[in-house]
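Trainee: First the structure, which I've put down as structure tokens, then a few questions once you've had a look.
The values are calculated or read from the model by the stated rules, or taken from the named source; none is laboratory data. What you are looking at is a predicted structure, and each value in this text was computed from that prediction instead of being measured. So basically every Cβ, Gly included, is an ideal-geometry build from the backbone, and we count neighbours across all protein chains shown.
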Amino acid sequence: MLITKEEIIQFIEYIENYDTIIIHRHVRPDPDAVGSQLGLKVLLESAFPNKRILAAGTITEGLSWMGRMDEVKSEDYEEALVIVTDTANQDRIDGKQYDQGQKLIKIDHHLIVDAYGDLQMAYPEATSASQLITEIALQSEGHIPLTVEASKLLYAGIVADTGRFLYNPTPETFEMAMHLVTYPIDTRKITDQFSEKSVEEARFEGYAYQNIQFYDEGVASLVITRDIMRQYGITEEATNIVLTIPSNVTGMYTWVNFIEQEGDNPKYRVRLRSKGPAINGIAEAHDGGGHAMASGAKADSEEEMNEIINELKQITQEYRQTNK
Ligand code: AMP
């Protein structure tokens, strides 16, 4: 277990003291953001049926199978406890009124770049925020027991953020998953939600395989323009399916997707991934951040995209030299 006993006790005390609890997570939610947010919501609803537990933010079409967000009004914050899951920095919180509550709790597994909140349970060694929510339930000594509904959401979050247990799962990752699968949840169905794709998405995947640039330095890159998304009939969210392609190509260590945005601010969303050198430094230098092996940033021009590719080439070459 990663979270300290003192933090769990303090967390339960905060929960017991508030009748309204509003849970936020980051913008552009992924299954771990929603899994940790809604997983915690259903856990608290079941343990404290008299409290109002609200989930704030906007959910995307692709994640609507996980549940729905609540309509949260300004006045709801007046007497509320606010919890933010899976969000390293405050400017990435979905829902700008998150700081209008009485107290603020952060539960996160990213590198600590912005220490916000009256209580912070921030453990970069956790592979997902859903793993931490599972821990809270297990360590709560019966105050917040796991439920079937929560187990589905939390398992989805863990599976998604570890790429189905591929990306550096730890003993704690498996331990939490083990507890969740003791509940009658359809793990196959949950995993299928991530792997199934539409015909349009399958065709787009073909496009990506043909157009990814593979560089000798061990770097791969793909530019996805709005025109291409229109041509293949896919959403920006669906471009997710091609992000991990280079991870299985021999000799590739780092890779990047540049996704053209509507409007010019920024022009491109930058999604960086690695299975070798830490790439979060490059993300931070381009108005972003994230984890050592998965980060996001912004690029305003082709020139900046080339800079990012060159920076990746440099750290990848260095990495390969020291890890021959
Ligand atoms: P993504 O490529 O959007 O899946 O993001 C990968 C990781 O980087 C996630 O953990 C995000 O929280 C983080 N991240 C993405 N974009 C940004 C950004 N602009 N600033 C800080 N962190 C980011």
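Trainee: Among the residues of region 46-62, is there at least one that is part of a helix (DSSP H, G or I), within 16 Å of the ligand (Cβ to nearest atom) and among the small types (Gly, Ala, Ser)?
Mentor: yes
Trainee: Moving on to the next point. Which residues, counting only those in region 1-36, are of a type in the set (A, V, I, L, M), assigned to a helix (DSSP H, G or I) and away from the ligand (no atom under 16 Å from the Cβ)?
Mentor: Ile8, Ile9, Ile12, Ile15
Trainee: I'm trying to understand the selection: among the residues of region 244-265, which are closer than 29 Å to Glu200 by Cβ and in contact with a helix residue (DSSP H, G or I) (Cβ under 9 Å, 6 or more places away or on another chain)?
Mentor: If the condition is that a residue be closer than 29 Å to Glu200 by Cβ and in contact with a helix residue (DSSP H, G or I) (Cβ under 9 Å, 6 or more places away or on another chain), then Ile245, Met252, Thr254, Trp255, Val256, Asn257, Phe258, Ile259, Glu260, Gln261, Glu262 are the ones that fit.
Trainee: May I ask you to list the residues in region 222-253 that are touching a Ser or Thr at 6+ places or on another chain (Cβ under 8 Å) and within 27 Å of Gln317 (Cα to Cα)?
Mentor: Answer for region 222-253, where residues must be touching a Ser or Thr at 6+ places or on another chain (Cβ under 8 Å) and within 27 Å of Gln317 (Cα to Cα): Ile224, Tyr253.
Trainee: Restricting to region 260-279, and then to whatever is within 13 Å of the ligand (Cβ to nearest atom) and surrounded by 20 or more Cβ atoms within 10 Å (Cβ to Cβ), can you tell me which residue is farthest from the chain's Cα centre (by Cα)?
Mentor: By that ranking, first place goes to Tyr268.
Trainee: Would you be able to tell me the number of residues in region 150-187 that are of a type outside the set (Lys, Arg) and assigned to a helix (DSSP H, G or I)?
Mentor: The number of residues fulfilling the criteria is 22.
Trainee: Now a separate question. Being without any contact (Cβ under 8 Å) to a residue 40 or more places away in the chain and either crowded, with 19+ Cβ neighbours inside 10 Å or β-branched (Val, Ile, Thr) (or both): is that true of Gly39 here?
Mentor: no
Trainee: Please name all residue pairs, on different chains or six or more residues apart, with Cβ atoms under 8 Å, provided the first residue is in region 1-24 and is surrounded by fewer than 15 Cβ atoms within 10 Å (Cβ to Cβ) and the second residue is among the charged types (D, E, K, R).
Mentor: From residues that are surrounded by fewer than 15 Cβ atoms within 10 Å (Cβ to Cβ), the pairs are Met1/Glu135; Met1/Glu172; Asp19/Lys51; Asp19/Arg52; Asp19/Glu79.
Trainee: Does Ile224 count as among the hydrophobic types (A, V, I, L, M, F, W, C) and modelled with pLDDT under 95?
Mentor: No: the conditions fail for Ile224.
Trainee: Report, by residue number, each residue of region 97-126 that is more than 16 Å from the ligand (Cβ to nearest atom), touching a residue at least 60 places away in the same chain (Cβ under 8 Å) and small (Gly, Ala, Ser).
Mentor: Gly101
Trainee: Residue by residue through region 74-94, note down the ones that are more than 13 Å from the ligand (Cβ to nearest atom) and more than 21 Å from Phe11 (Cβ to Cβ).
Mentor: Result: Ser74, Glu75, Glu78.
Trainee: Is one or more of the residues making up region 280-300 at positive phi and more than 11 Å from the ligand (Cβ to nearest atom)?
Mentor: no
Trainee: If you don't mind, another one. Out of region 78-96, which residues are closer than 14 Å to His110 by Cα and free of Cβ contacts under 8 Å to residues at least 60 places away in the same chain?
Mentor: Once the filter is applied, which keeps residues that are closer than 14 Å to His110 by Cα and free of Cβ contacts under 8 Å to residues at least 60 places away in the same chain, region 78-96 yields only Gln90.
Trainee: For Met69, which of the numbered conditions (1) in a loop (DSSP other than H, G, I, E, B); (2) touching a residue at least 24 places away in the same chain (Cβ under 8 Å); (3) surrounded by 18 or more Cβ atoms within 10 Å (Cβ to Cβ) fails to hold?
Mentor: It fails just one condition, (2).
Trainee: Now for a separate question. If you take the residues in region 183-208 that are small (Gly, Ala, Ser) and under 17 Å from Glu237 (Cβ atoms), which one is surrounded by the fewest Cβ atoms within 10 Å (Cβ to Cβ)?
Mentor: The selected residue is Ser195.
Trainee: Here are the criteria: (1) outside the structural domain of Asp86 (by TED's automatic domain parsing); (2) more than 20 Å from Ala33 (Cα to Cα). Tell me which single one Met178 does not satisfy.
Mentor: Just one mismatch for Met178, condition (1).
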